[in-house]
Amino acid sequence: MVDMNTQSNEHTTRIGEVIESDTNEFTTQCYELYGAPALGSLVKAGELDSVYGVVSYSHTSGLDPTRRPVARGEGLASEELVYDQNPQLNRLLTTNFKSTIVGYEVATQITAYLPPRPPRIHSFVMRCDKSEILTFAKSLDFMSSILAANLPQSDDVVAAFVRHACQALPEETGLRAESARRLALLLGNDTRRLEGILRRIPND
Amino acid sequence: MTDLNRLGLVVAGSLGDGVKVRLNSTSSVEGVKVGSNVVIQGQESRFFGVVTDIALESSDPSLQFNLPDVSDKFIRDTLSGTSAYGAITVEPMLTIGIDQQADSTGPMPAKTIPAHFSEVMEASEEDINSVFGSEADGGFWIGSPLDMEAKLCLNLDEMVKRSNGVFGKSGTGKTFLTRLLLIGILQSGKASNLIFDMHNEYGWKGTSESNHDVKGLKQLFSSKVSVFSMDSESAERRGFVPDHVVSFGYSDIAPEDIQLLRETLDLTSIAADAAYSLEAHFGPGRWFNSFINLSSEATNELASEINVNSSALAALRRRLERLTRFDFVSQDRVEDSSEMILQRLNAGQHVVLEFGKHGNNPTAYMLVANILTRRIYNRYQRQKELAMGDKLAEPPNLVITIEEAHRFLSSSMSGQTIFGTIAREMRKYNVTLLVVDQRPSDIDEEVMSQIGTKVSCLLDSGRDIDSVLSGVSGNRKLRGVLARLESRQQALIFGHSVPMPVVVRTRDYGSAQSYSDLGDVSVSNGDSKKALEDLFGPS
């Protein structure tokens, strides 16, 4: 795969740019095909006064909506060969992802509620570091908006966020239990749904 | 103030139904007991209350129908305390002003409830002392609240102002409690005690549940207590010599006594009433002697003479013969027993009247108690009236202890017995009762309402519980507490001697430490070796 990230050793790596933006979410086009971060990851958009989002949806399709992908692998030995023999695919296909806005930074203070305005188009989108993940993992109030959206993937997104937070912060030993209890308070009247989410946060 | 056990927050409730507290996720429902005391820190006042109900609740109404997988510990731990939590109902009894210095009147009955989200904690020892007083204030240490070591004290001044009652099923510890209350009265010197000891438990020694001997009042307070007996042989068998053996003559028996004995002697009311006609005919004091020895024909003649049904009169004579068979009743009066008792009482002594074998005979118990009490009460009445307001000339306060009180104070009897009169007159003549009973539902309602302090051990009959709790505010909730007392060493105390109803674990009685705490400080001189043996004997 072509690696377009030249600063691969930096803490926050640039993933793509904002191509759509509204109060609740922003859409990022990835520089790299299949380069979307995992569902539930925390990302931020904008170099100054960044807006934070949780990856809640990603989508790969053709750049030109009138030209659909067709099957090319018949007779080939592996999937890799399909891409090797069709290098134009990297430019004809594109990966986008949507991030639900969960907070923003103002004067180096991170606040966990919606910013006054969404990020600008062409804002750079980057991964977040441990301290940023910790800030959001500790409050989890933003989860209620993701849960309330009631999208088919809402529960998975919430569970994925907690999984990632626990993996990224192994030294925070009580994080899994604490997150579970916050979720229980948010979903107090729907034990079935809560149970489903808790099952998606295994103990590792 | 060390960190008290924080239980939870006030979330709902009302003054009538009690305050609903949601337990913290860290507090387990199983750690809270009904009847335990809690403190609620309101916005303007501090409330003191008792737990009256405990429930399990859930924020998800369908939880019990759609059980999650609780075999997974993670899910179970997450749900406990969040979606599934414990809730307790607290009855706020008293308010203590937040600023203790400013509040000089002490705890007041609660007239409102704490605000939403007030914090609820277990009561501390200091809270108990500030509400119930301490020994330093003159209170009597009766025991401890549930699950606490604090000393809970009764207000003895208030207690001796009125008649009091100790209730409970047999075997629940009424005797121990009564003994403690008597010791409290004894120690305080606020009243003299006259105890009609049916089962020989209070005088010299008694027995504990585990069949060990425990000391009686005479052993603890030898110089202040006299033990009289109806049965000297029984006393000797139990290893002591009574201060006096009591007996009566025929002239001591009055028609009022016959009324009291109507049920035990199996008399119709006509037959019992005939005693009054006999007294009118033969004269007081002489009627029994004159009547008892009549032949059948003489009885019939008498019947028409005094206009009483002849078969009723014959039945009366037959029943009265039973009384003559008691070995403490003789034709001629040997002594005036009531006078002897009165002398001791006036001298500040306490008298225990043991019944020996006669304790098993209700007729004997009731007859003796009634005769003596009638006499003593009349003397007290006269003494008080003569004193005419001069407090020093008045007779000392007297507390008369009777067991199986329902026999004396049932609805049918209480209007006619001296005990009913004493109960209703409320220390008018400085005499009050301490009633001990296992069937409070048989006691007349009016009498029960005059009882100032009630100490109730476990009762299992709904009617008994109702009668004990009648007239008590918040009695619906106290029912749950009363029905769940442990069968031994626990009692619910409420009434004038305590600012609020409280469950108490009775203090220990029977160990060497308890004797030295409770007994007369002045152990008899020269007898210290024996005293040591007594103190460190089997406990």
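Odds and ends about this structure:
- Our helix-only sum for chain B, with -39,500 (n - 2.57) per DSSP H run of n ≥ 4 divided by its residues, gives a mean residue ellipticity at 222 nm of -9500 deg cm²/dmol.
- Bridge type composition, chain B - antiparallel percent by DSSP, nearest 5: 65 percent
- Chymotrypsin sites (Phe, Trp or Tyr not before Pro) restricted to DSSP loop in the range B:1-72 with at most 13 other C-beta within 10 Å: B:F65
- A simple spin-label model places pseudo-atoms 7 Å from Cα toward Cβ; at B:E446 and A:R14 they are separated by 10.0 nm.
- Set of aspartates and glutamates with alpha-carbon distance to B:K151 below 15 Å, sequence-local pairs under 8 removed: B:E125, B:E126, B:D127, B:E135, B:D137, B:D508, B:D517
- The residues of chain A present an accessible area of 57 Å² per residue when probed at 1.4 Å with all protein chains retained.
- Peptides B:267-274, B:24-31 ranked from most to least packed, by the mean per-residue count of other Cβ atoms within 10 Å: B:267-274, B:24-31.
- A simple rule links phi to the HN-Hα coupling: the Karplus curve 6.51 cos²θ - 1.76 cosθ + 1.60 with θ = phi - 60°, which for the range B:156-162 gives 5, 4, 5, 5, 7, 6, 9 Hz, with x for Gly and Pro.
- Normalised per residue, the accessible area of chain B is 44 Å², obtained with a 1.4 Å probe and no contribution from ligands, DNA or RNA.
- Shape category assigned to the range A:160-204 from the gyration tensor of Cα positions, a/c cut at 1.5: prolate
- Burial of 50 Å² or greater, the range A:172-200 residues [accessible area, probe 1.4 Å, versus chain by itself]: A:R181, A:T191, A:R192, A:E195, A:L198
- Amide proton proximity set for B:M198, modelled H, under 5 Å, gap of 5+: B:E403
- Tensor-based shape of the range B:250-324 (alpha-carbon gyration tensor, a/c under 1.5 rounded, otherwise prolate or oblate): rounded
- Heavy atoms of B:I54 accessible to a 1.4 Å probe, total area in Å² rounded to 10: 60 Å²
- Interface area, chains A and B: about 1300 Å² of buried accessible surface, summed, with a 1.4 Å probe and ligands, DNA and RNA left out.
- Percent RCO, i.e. relative contact order, over chain A, from Cα pairs under 8 Å lying at least 6 residues apart: 25 percent
- Heavy-atom accessible area ranking, 1.4 Å probe, most first, across B:T175, A:T95: B:T175, A:T95
- Shape class for chain B: prolate, because the ratio a/c of the largest to smallest gyration tensor axis (alpha-carbon atoms, square roots of eigenvalues) is 1.5 or more and a/b beats b/c.
- B:S14/B:E263 FRET efficiency (R0 51 Å; Cβ-Cβ; nearest 0.05): 0.65
- Using the Cβ-Cβ distance between A:N86 and A:L151 with R0 = 30 Å, the FRET efficiency computed as 1/(1 + (r/R0)^6) comes to roughly 0.35.
- Cut-off under 5 Å, modelled amide H: who pairs with B:S330 long-range: B:F248, B:G249, B:Y250
- Annotation: the antiparallel percentage among DSSP beta bridges lying fully within the protein assembly as shown is about 75.
- Whole-angstrom gap from the range A:48-88 to the range A:165-204, using each part's C-alpha centre: 33 Å
- The residues packed around A:T108, meaning those with a beta-carbon under 14 Å from its beta-carbon, carry a net charge of -4 if Lys and Arg are +1 and Asp and Glu are -1.
- Apportionment of accessible area to carbon and sulfur, the range B:371-435, percent (1.4 Å): 50 percent
- With the simple model of a label 7 Å out from the Cα in the direction of the Cβ, B:S310 to B:R322 spans 2.5 nm.
- Long-range HN-HN contacts of B:L7 with modeled amide H, under 5 Å: B:V120, B:M121, B:E122
- Inter-centroid distance (Cα atoms) of the range B:475-521 relative to the range B:355-428, Å: 26 Å
- Here the 3J(HN,Hα) profile of the range A:14-20, calculated from phi with Karplus coefficients 6.51, -1.76 and 1.60 at θ = phi - 60°, is 7, 9, x, 10, 6, 10, 8 Hz, Gly and Pro shown as x.
- Taking 7 Å steps out from each Cα toward its Cβ at B:N346 and A:H59 produces label points 11.0 nm apart.
- Accessible-area composition of the range B:261-356, carbon plus sulfur, in percent [1.4 Å probe]: 42 percent
- Listed residues A:L186, B:L181 arranged by accessible area, highest first, probe 1.4 Å: A:L186, B:L181
- Note on A:K98: accessible area is roughly 70 Å² with a 1.4 Å probe, heavy atoms of protein only.
- Under 30 Å of direct C-alpha separation, and excluding same-chain neighbours fewer than eight residues apart, B:K428 reaches these lysines: B:K161, B:K174, B:K190, B:K218, B:K224, B:K384, B:K391, B:K454.
- Rule-of-thumb Rg ratio for the range B:6-123 [Cα; 2.2 N^0.38 Å; N residues]: 1.20
- Members of the range B:70-98 that become less accessible by 20 Å² or more once partner protein chains are added (1.4 angstrom probe, chain alone as reference): B:F74, B:I75, B:T78, B:L79, B:T82, B:S83
The values are calculated or read from the model by the stated rules, or taken from the named source; none is laboratory data. A quick note: this is a predicted structure, and the numbers were derived from the prediction, not measured. Using ideal geometry, Cβ is built from the backbone for each residue, glycine included, and neighbour counts are taken over all protein chains shown. Side chains are part of the model used for accessible areas, which takes the heavy atoms of the whole protein and leaves out ligands, DNA and RNA. Shrake-Rupley method; radii C 1.70, N 1.55, O 1.52, S 1.80 Å.
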